[in-house]
Amino acid sequence: MARDVKVEQRRKARVRRAIRERAKGRLRLSVFRSSKQIYAQIIDDEKGATVVAASSLEKANREGLKTGADVEAAKVVGKLLAERAVAKGVKEVVFDRGAYMYHGRVKALADGAREGGLEF
């Protein structure tokens with residue numbers, strides 16, 4: 001089944017519009033996943049800068065995980081991102097799932113981030 005890029009772009013724009021309305025000065029936790037890895041970063045949209053990032057490609061994660069493309073890997077990445085964010089003083093974020101549905105790996109990453117101490 002071919003990806004419909006325009007549908008993904010519309011869905012992503014709709015999610016971002018909702019996030020901007022709810023943000024109220026919070027940073028944005030953005031998720032990107034591919035078929036083999038998962039990535040997450042906390043972005044300060046006012047400054048246009050990434051505050052914290054984590055992915056399943058990092059050496060510590062690659063050694064401890066069977067694959068970077070499963071729910072377990074996503075949960076580990078979420079916890080790691082949350083630990084780094086709390087160390088930098090970030091407690092509250094807005095979750096940006098992008099064009100992805102909130103289930104599976106995306107949900108596991110969010111749950112891991114909550115367990116690590118982030119609130120959203």
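The values are calculated or read from the model by the stated rules, or taken from the named source; none is laboratory data. Please read all numbers here as calculations on a predicted model, not as lab measurements. Neighbour counts run over all protein chains shown; Cβ positions are idealised from the backbone, glycine included.
Summary table below
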read-out: Residue check for I19: β-branched (V, I, T) and at pLDDT 90 or above; value: no
read-out: Residue match in segment 92-103 (condition: more than 14 Å from the chain's Cα centre (by Cα) and either not β-branched (V, I, T) or not in a helix (DSSP H, G or I) (or both)); value: no
read-out: Evaluation of T67 against (1) in a loop (DSSP other than H, G, I, E, B); (2) modelled with pLDDT under 90; (3) touching a Leu at 6+ places or on another chain (Cβ under 9 Å) (one fails), failing number; value: (3)
read-out: Single residue of segment 24-38 satisfying the filter (in a strand (DSSP E or B) and of a type outside the set (D, E, K, R)) that is nearest to F95 (Cα to Cα); value: L29
read-out: Tabulated pairs, segment 82-96, first in contact (Cβ under 8 Å) with a residue 24 or more places away in the chain and closer than 26 Å to R17 by Cβ, second of a type in the set (K, R) and assigned to a loop (DSSP other than H, G, I, E, B), C-beta under 7 angstrom, 6+ apart or interchain; value: E92/R26; V93/R26; V94/R26
read-out: Residue pairs meeting the criteria (Cβ under 8 Å; at least 6 apart or on separate chains; first over 13 Å from A40 (Cα atoms) and free of Cβ contacts under 8 Å to residues at least 40 places away in the same chain, in segment 61-79; second of a type in the set (D, E) and part of a helix (DSSP H, G or I)); value: L65/E72; K66/E72
read-out: Subset of segment 38-50 [surrounded by fewer than 18 Cβ atoms within 10 Å (Cβ to Cβ) and in contact with a Gly (Cβ under 7 Å, 6 or more places away or on another chain)]; value: none
read-out: Given (1) more than 15 Å from G117 (Cα to Cα); (2) buried (at least 16 other Cβ atoms within 10 Å of the Cβ), index of the condition L27 fails; value: (1)
read-out: Within segment 98-109, considering residues that are free of Cβ contacts under 8 Å to residues at least 40 places away in the same chain and hydrophobic (A, V, I, L, M, F, W, C), the one surrounded by the most Cβ atoms within 10 Å (Cβ to Cβ); value: A108
read-out: Some residue of segment 40-58 being assigned to a strand (DSSP E or B), more than 19 Å from V106 (Cβ to Cβ) and out of contact with any strand residue (DSSP E or B) (no Cβ under 6 Å at 6 or more places or on another chain); value: yes
read-out: Filtered residue count, segment 80-97, keeping only those that are closer than 27 Å to A13 by Cα and crowded, with 17+ Cβ neighbours inside 10 Å; value: 9
read-out: Test: residue in segment 51-59 that is surrounded by fewer than 12 Cβ atoms within 10 Å (Cβ to Cβ) and modelled with pLDDT of 95 or more; value: no
